[in-house]
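Taking it in order: structure first as structure tokens, then the write-up.
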Amino acid sequence: MNITEIARLAGVSKTAVSRYFNGGYLSAEKRAAIAAVVEQTGYLPSQQARTLRTRRTRQVGVVMPRLSSESTARVVDGISLALADKGYQLLLANTANDPAREVEYLDTFRRSGVDGVLFLASIFTPEHRAVLQSMHLPVVIIAQKYEGYSCVYHDDYGAARAVTGLLLRRGSKRPVYIGVTARDHAAGYARHQGYLDALKAAGRPPRAEDMFLAQFTMESGYRQARAMLDAGRRPDGIFCATDTIAVGAMQACREAGLTEGRDVLVAGIGDSAIGRVAAVPLTSAHLHYKTSGQEAAQLLLNLMRRQGAGTRAIQLGFEVVERQSTAAALGAQPGPEI
């Protein structure tokens, strides 16, 4: 069985059959006729033959920082939704937040012949720049803004400034900050700047002793908050760069006899499930992770269809979802779903 026979049985041209299998335009009648023959015969085109003929693999590489991360899962879910009916397979590469492995996987995809790459980026090094420049295929970057490439990213600065402002309005005189490395421009640098500018706008000059550096884990958030509390500090507010860090910090506060939402106000960024179901539900800025995956996948589809198209940067908004960790009298409220 080959496309010539499929065309004869369906009463259409070989060109129509080729368009059917390669996602091209067909009238509804021709598409239905070919689909009926394919279903009756069980015919599947050879992927190898299609690749040799079209120089396309119908595969997209996805380089992501942590498979276990809820935010990553939401992004990949959005990518899958956007590509599900377009005939593309996703090849997932988990880097475990290792920049060297990001470069290795980008180079692997460059050599493997995928049609395009979606890169959930954290930091950029000269090695990243070199491998990206060597990739003569479409690349879209997610979660970071990077000059010269199409990107979909979040308003991390605005979210951090809004959440810090909420802590100040709710009565925190001088909230402390538990953040992540500034090498991560979005989660580290931009969110830190949002915190600093919110304090300055409120007439409260930032102090170095109010800022702590953590990893992207609950354990690290717990350790940083525990060390601060063990040293005799009793903050009235804590802003964390991520929800996972915030949940760890809340546990340390409870062990020290502090009640979130009353003795200490706590907030994060990400609107994660673990924050929503915490003993005291966490106030957080909701970021549209699933939407970022969908938008990035659509950008990549456009680039793959029109090689040489100009780059485009899309910044997504945020919503602050207040829960009991900043106002104990509030009932836990569900956040947006996307």
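Yes/no per residue for (1) in a helix (DSSP H, G or I); (2) modelled with pLDDT of 95 or more:
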site: R262; (1), (2): no, no
site: G275; (1), (2): yes, yes
site: S284; (1), (2): no, yes
site: T291; (1), (2): yes, yes
site: Q294; (1), (2): yes, yes
site: L301; (1), (2): yes, no
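Checked against (1) surrounded by fewer than 17 Cβ atoms within 10 Å (Cβ to Cβ); (2) under 22 Å from Y153 (Cβ atoms), M304 meets all criteria but (1).
Listed by first and then second residue, the pairs linking a residue in the range 59-87 that is surrounded by 17 or more Cβ atoms within 10 Å (Cβ to Cβ) to a residue that is among the acidic types (D, E), with Cβ atoms under 7 Å apart and 6 or more places separating them unless they lie on different chains, are Q59/D115; V60/D115; V63/E102. Checked against the criteria, F318 counts as open to solvent by 30 Å² or more (accessible area, probe 1.4 Å) and at pLDDT 95 or above. The range 131-238 holds strands (runs of 3 or more DSSP E) entirely within its bounds, and those carrying 3 or more residues that are within 30 Å of G61 (Cα to Cα) map to 139-142, 150-154. Screening A297 on (1) closer than 30 Å to G87 by Cα; (2) surrounded by 21 or more Cβ atoms within 10 Å (Cβ to Cβ); (3) out of contact with any helix residue (DSSP H, G or I) (no Cβ under 7 Å at 6 or more places or on another chain) shows it passes everything except condition (3).
Just one of the listed residues (L137, L196) is among the hydrophobic types (A, V, I, L, M, F, W, C), in contact with a strand residue (DSSP E or B) (Cβ under 8 Å, 6 or more places away or on another chain) and open to solvent by 10 Å² or more (accessible area, probe 1.4 Å), and it is L137. Within the range 65-99, being of a type in the set (A, V, I, L, M, F, W, C), touching a strand residue (DSSP E or B) at 6+ places or on another chain (Cβ under 7 Å), over 16 Å from A187 (Cβ atoms) and outside any loop (DSSP other than H, G, I, E, B) holds for V76, I79, L83, L90, L91, L92, A93.
Note on the range 221-239: residues that are buried (at least 20 other Cβ atoms within 10 Å of the Cβ) and in contact with a Ser or Thr (Cβ under 9 Å, 6 or more places away or on another chain) total 5.
Checked against (1) part of a helix (DSSP H, G or I); (2) at pLDDT below 95, G248 passes all but condition (2). The set of residues from the range 90-122 being without any contact (Cβ under 8 Å) to a residue 12 or more places away in the chain and either of a type outside the set (D, E) or touching a Pro at 6+ places or on another chain (Cβ under 6 Å) (or both) comprises R101, R111. With respect to being among the aromatic types (F, W, Y), surrounded by 12 or more Cβ atoms within 10 Å (Cβ to Cβ) and modelled with pLDDT under 85, Y43 fits the description.
The values are calculated or read from the model by the stated rules, or taken from the named source; none is laboratory data. As the structure is a computational prediction, the values presented were derived from the model and not from experiment. Note that each Cβ is placed from the backbone with ideal geometry, even for glycine, and that neighbours are counted across all protein chains shown. To get the accessible areas, we keep the full protein, side chains included, count just its heavy atoms, and leave off ligands, DNA and RNA. Shrake-Rupley method; radii C 1.70, N 1.55, O 1.52, S 1.80 Å.
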